[in-house]
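Peer 1: The following block contains the structure, expressed as structure tokens.
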Amino acid sequence: MQKTYYDPADLKKFGKISEWNEELGKKFFEYYNSVFEEGELSAREKSLIALAVAHTIQCPYCIDAYTGDGLQRGITKGEMMEALHVACAIRGGATLVHGVQMMNKVNKLEM
């Protein structure tokens with residue numbers, strides 16, 4: 001019996017996603033791999049960003065992948081947690097700022 005909806009073993013199958021459409025799969029992985037190459041941002045910085053985004057979009061596969069990748073790149077637990085708090089603040093702020101839309105609607109309806 002599977003203990004979780006997301007099977008951690010499925011992460012290793014990600015490369016096989018191209019099997020049903022090799023052309024698009026190849027294009028995606030070329031793009032994906034080029035994004036994480038050294039550039040204006042280091043691969044380490046990109047890994048930390050990916051970890052924070054993974055938590056924001058709540059992807060357990062990405063969380064596993066970029067936690068491990070980050071550790072291999074020397075990202076500390078403290079840096080990881082701080083990045084998560086940044087993601088949390090942005091996500092929370094984005095939720096709250098939509099409250100302005102609600103307030104505008106209430107004010108309009110109360111007129």
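Peer 1: From the list Glu45, Glu23, exactly one residue is more than 19 Å from the chain's Cα centre (by Cα) and among the acidic types (Asp, Glu). Which is it?
Peer 2: Glu23
Peer 1: Please pick out the residue among Ile57, Ile90, Ile63 that is in contact (Cβ under 8 Å) with a residue 12 or more places away in the chain, on the phi < 0 side of the Ramachandran plot and exposed (fewer than 14 other Cβ atoms within 10 Å of the Cβ).
Peer 2: Every option except Ile90 fails the conditions.
Peer 1: In addition: Looking at the range 36-111, what helices (runs of 4 or more DSSP H) fall wholly within it and have at least 2 residues that are within 20 Å of Lys12 (Cα to Cα)?
Peer 2: Answer list for the range 36-111: 43-57, 60-72.
Read-outs: derived from the displayed coordinates by stated rules, not from any lab. Computed from a prediction, not measured in an experiment: that's the story for all the values here. Because the Cβ atoms are built from the backbone with ideal geometry, glycine has one as well, and the counts that use them run over all protein chains shown.
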